[in-house]
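Report on the following structure.
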Amino acid sequence: MVYNNRAHQADGGGGAVVYREKSFWLETAGEYREQPPLEGERTADVCVVGGGFTGVSAALHLKEKAPGLRVLVLESEVVGFGASGRNAGFCMTLFGLAPEVTRWRFGAARLREADAYMLRAVDLVRRRVAEHGIDCDFEETGLLTVATNPAQRFRLLREMELERKIGLHETEWLEADAVQAQVRSPLFCGGRFDRHCALLNPAKLVRGLARAAEEAGAEICERSPVVEVVPGSRVRLRTPRGTVTAEKVIFATNAYSARLRPLRFRQLPVHTYIVLTEPLAPEQLSAVGWQGRQGIEDGRNLIHYFRLTRDNRLLMGGNDAFYYYGSADDRDRSGAMQQRLQEAVKRIFPMLSGIRFTHHWGGPISATLDLAPLIGRIGPNMFYSVGCMGHGVALCNLNGATLADLALERQTDLTEVFFVDRRALPVPPEPLRFAVAGALLTAMRLQDRWHERGSRRSG
């Protein structure tokens with residue numbers, strides 16, 4: 001069977017998309033020299049499709065484990081164009097949507113396995129940054145998950161009890177006064193602190209990893225969207241200007257996987273958005289506190305996440321998420337969400353009511369219907385990873401190692417994790433897909449609103 005993939009907007013080398021406009025990180029990451037697109041007929045032992053965290057990590061691990069392999073990465077735009085260059089830069093241990101969801105879907109033993117995998121993932125990123133000297137503003141500040149109403153407080157305490165009972169890594173509960181001593185907001189009424197979290201500049205990290213992969217001998221071709229896949233004992237991939245024939249293929253396309261026919265029914269691209277302020281003046285930062293510079297999330301289903309950048313800008317994202325009909329993956333701006341997020345900043349931090357906002361961006365994350373990551377295979381020689389659920393900085397880097405082991409046909413502790421080759425709920429075609437995604441997101445929104453209204457009534 002020949003897979004003809006969905007049309008792509010890039011022109012295969014002419015620079016149709018200005019990637020610097022896609023996020024503050026990409027705008028400010030410094031000069032970048034693009035690699036030339038694929039030209040002519042090529043062969044490879046392993047072809048990796050996608051130049052984000054998963055793809056460049058897979059390429060680097062392949063060259064480390066089997067230096068003689070011919071490894072070729074095809075990126076449709078530029079390295080880090082997707083979520084890897086647009087996310088908030090939280091390198092964290094969260095797996096899937098939430099621990100309770102993972103336990104309900106897979107059981108306590110699998111939740112422990114997921115926790116160990118994510119601790120290993122955070123450690124991998126830390127080690128990569130050190131060993132390759134990647135300047136990505138890496139700060140091990142920890143993650144503070146705050147409650148902003150009694151329902152969220154109850155949920156976080158219930159999650160901590162579950163973590164203690166099952167034997168997950170230890171976190172610390174902070175009462176309201178202890179949270180306020182760290183970060184001041186009239187809404188914060190308690191919080192859970194996890195020291196296993198780092199903040200970083202994701203665009204700088206993914207570029208640094210790509211450089212490391214190239215130095216190890218992998219080749220990266222940018223502006224090279226795959227428009228056709230011909231499976232077989234050797235897989236043939238066609239781009240606008242060339243073809244690759246490969247023994248093995250790794251699809252590291254995550255939220256953009258709907259463009260590839262073999263992966264169209266395995267995940268959904270769900271959009272989330274971010275706003276960024278001007279650098280906080282010393283008196284503004286003093287009013288908020290935040291001397292520990294922790295990454296912060298709240299306890300909603302559709303969370304707010306916020307952090308300080310290296311130059312003390314306040315980044316705020318989340319609040320809501322959207323699936324667009326037809327698995328559209330290019331809704332990178334939303335005026336309505338820009339306004340809602342700016343209002344959220346001022347509601348959470350009223351002492352910053354006069355702050356000026358300088359940037360707004362967004363993009364898709366990869367979500368599965370059962371809200372957990374999925375690594376799998378298509379036939380004997382094509383492999384994929386989807387479903388990062390918005391927590392891909394650490395996860396996708398370790399998934400790259402897992403995919404490398406699968407492509408090398410090595411049975412390791414990574415290839416034996418439960419979400420490799422697991423049974424997953426298939427995503428239905430349109431228009432049912434739009435209805436199912438809308439129903440899931442609406443249920444989350446309604447619960448969040450109910451909790452927030454209940455808090456106002458009790459207040």
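What follows draws every value from the coordinates through simple rules; no lab data is involved. Treat the numbers as computed from the prediction; the structure is a model and nothing was measured. Virtual Cβ from ideal backbone geometry, glycine too; neighbours counted across all protein chains shown.
Quote the Stokes-Einstein diffusion coefficient, in whole µm² s⁻¹, for region 19-96, based on the Kirkwood radius over alpha carbon pairs, a temperature of 25 °C and a viscosity of 0.890 mPa s. Let's see the in-between values first.
Values: Rh = 14.3 Å.
Translational D for this selection: 172 µm²/s.
So, with +1 on the Cβ of K and R and -1 on the Cβ of D and E, and no other charges, what is the size of the charge dipole of region 163-232 about its Cα centre, to the nearest 20 debye?
Values: 9 positive and 11 negative charges, 38 e Å.
Approximately 180 debye in magnitude.
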Additional length obtainable on full extension of the chain from N312 to D45, 0.36 nm per residue less Cα span: 91.6 nm
Calculated from backbone phi, Karplus (6.51, -1.76, 1.60) coupling profile of region 258-263 in Hz, x at Gly/Pro: 5, 6, 9, 3, x, 10
When each of K22/K248; K22/K346; K22/K204 is checked by Cα-Cα distance, pairs over 20 Å: K22/K248; K22/K346
Given charges at Cβ of Lys, Arg, Asp, Glu: region 293-418 dipole, positive-most of L403, I375, S327: S327
Ellipsoid semi-axes in whole angstrom, largest first, where each is sqrt(5λ) of the Cα gyration tensor of region 222-349: 41, 17, 13
Shape call, region 398-459: gyration tensor on alpha carbons, a/c limit 1.5: oblate
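With Cβ to Cβ distances under 13 Å as the rule, what net charge do the other residues near V183 carry (K, R +1; D, E -1)?
Details: positive: R184, R293, R307; negative: D177, E297, D298.
So the surrounding residues net to 0.
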Total charge dipole magnitude, the chain, about the Cα centre, Cβ charges on Lys, Arg, Asp, Glu only, Debye to nearest 20: 1080 debye
Counted charge near G354, where neighbours are those whose Cβ lies closer than 12 Å (Asp, Glu -1; Lys, Arg +1): 0
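Once you list every other residue whose beta carbon is under 13 Å from the beta carbon of E21, what net charge do they have if Lys and Arg are +1 and Asp and Glu are -1? Mind dumping the intermediate values first?
On the way: positive: R20, K22, R86, R333; negative: E27, E77, D330, D332.
Net local charge, E21 excluded: 0.
Based only on Cα atoms, what Rg/Rh ratio does the chain have, Rh being taken as Kirkwood's radius? It would help to have the intermediate numbers written out before the result.
Details: Rg = 21.3 Å, Rh = 22.3 Å.
We get a ratio of 0.96 for the chain.
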C-alpha long axis of helix 202-215 to longest principal axis of the chain, angle in °: 30 degrees
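As a test of the formula, what do you get for the chain when each DSSP H run with n ≥ 4 contributes -39,500 (n - 2.57) and the sum is divided by the residue count, at 222 nm and rounded to the nearest 500 deg cm²/dmol?
On the way: 11 runs with 152 residues, N = 459.
When only DSSP H runs of four or more count, the value is -10500 deg cm²/dmol.
Give the relative contact order (percent, whole number) for the chain; include only Cα pairs under 8 Å separated by 6+ residues. Write down the numbers at each step before the final one.
On the way: 1046 pairs, mean separation 109.1, N = 459.
Value for the chain: 24 percent.
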On Cα atoms only, tilt of 392-407 relative to the major axis of the chain in degrees: 30 degrees
Other-chain or far-sequence residues with amide H under 5 Å of T243's (modelled H): G40, E41, R42
Per-peptide average of other Cβ atoms within 10 Å, ordering 60-68, 439-447 highest first: 60-68, 439-447
Inter-centroid distance (Cα atoms) of region 391-442 relative to region 57-111, Å: 10 Å
5 Å-binned pair-distance histogram of region 118-227 (Cα, whole percent): 2, 10, 15, 15, 13, 12, 11, 8, 6, 6, 1, 0
Residues with amide H under 5 Å from that of A66, placed H, sequence gap 5 or more: none
Angle between the chain longest axis and helix 108-131 axis [Cα atoms, degrees, rounded to 10]: 80 degrees
